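Below is one structure, written out as C-alpha cells; comments come after it.
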Amino acid sequence: MEEDIAFLHGCKIHKGIPVLAFGKLSLSGKLPLHPKYPKELITIADHLRKRRFDLKLSQPQVAKMIGVSTDTITYWENGRFPPKVMYAPKIIEFLGYNPYKIESETLGGKVKLYRYLKGLSQKKFAKIISVDSSTIKSLEENEFNP
C-alpha cells in the first residue's frame with residue numbers, strides 16, 4: 001500500500017520511508033514582466049518605474065535614494081504629479097541618464113537644461129543671475145534672446 005501511494009507521488013520507498021528523487025533540474029524561459037512594467041518610456045514615471053523594476057528595488061528604497069517620501073514616489077509613478085525640478089539631479093543620477101526631453105540647440109534650451117541638471121526652479125535661477133523669473137521663462141520659451 002505504501003509503495004502504491006509513494007509511486008503515485010513520484011517517490012521511492014527506502015526502508016519504509018518515502019524518499020524524493022533529487023536530480024538536476026533546470027528551468028528556462030523568461031519570467032513574465034510586472035503588469036505595471038512600462039512598454040514605452042514616455043513620461044518620467046515610466047523611466048522611474050522601469051529602472052526600479054530592473055534593479056528590483058522597492059518604492060521606499062528609491063525614495064531614500066532620491067530624498068523624498070515613499071508616497072512621493074508612488075504619486076510620481078502613478079502620474080498624480082510630475083517631480084519638481086529640484087529632484088531632477090537625483091532622478092538623473094538614479095536613472096543613469098537624463099530622461100528630460102529638452103532641446104539644447106537654442107539659448108532657451110540650454111538655460112532650461114542647465115536648470116534641470118542643477119535642480120533649480122526658474123525663480124531660484126533668476127535670483128542667482130539677478131534677473132526677474134519672467135526673464136528666465138521668456139528665455140526658455142525663446143521669446144527673448146539677449
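What follows is calculated from the coordinates using simple rules that are stated; it is not laboratory data. This structure is a prediction, so every number in the text was calculated from the model and none was measured. Cβ atoms come from the backbone with ideal geometry, glycine included; neighbour counts cover every protein chain shown.
Here r is the Cβ-Cβ distance between D132 and T70 and R0 is 30 Å; the resulting FRET efficiency, rounded to 0.05, is 0.20.
Applying both filters, DSSP loop and at most 16 other Cβ atoms within 10 Å, to the chymotrypsin sites (Phe, Trp or Tyr not before Pro) of segment 75-146 gives Y97, Y100, F144.
Placing R0 at 25 angstrom, the Cβ-Cβ distance between L41 and N142 gives a FRET efficiency of 0.45 after rounding to 0.05. The overall shape of segment 38-146 is prolate: from the C-alpha gyration tensor, with semi-axes ordered a ≥ b ≥ c, the ratio a/c is 1.5 or greater and a/b exceeds b/c. About its Cα centre, segment 28-146 has a charge dipole of approximately 460 debye under the convention of +1 per Lys or Arg Cβ and -1 per Asp or Glu Cβ, with nothing else charged. For the pair F53 and S104, a Förster radius of 25 Å applied to the C-beta separation gives a FRET efficiency near 0.30, rounded to the nearest 0.05.
Relative contact order of segment 50-112: 20 percent, from C-alpha pairs under 8 Å at least 6 residues apart in sequence. Sparsely packed loop sites in segment 85-146 (the GluC sites (Glu not before Pro) outside DSSP H, G, I, E and B with at most 13 other Cβ atoms within 10 Å) comprise E103, E105, E141, E143.
In percent, rounded to a whole number, the relative contact order of segment 81-123 is 51, using alpha-carbon pairs under 8 Å and six or more apart.
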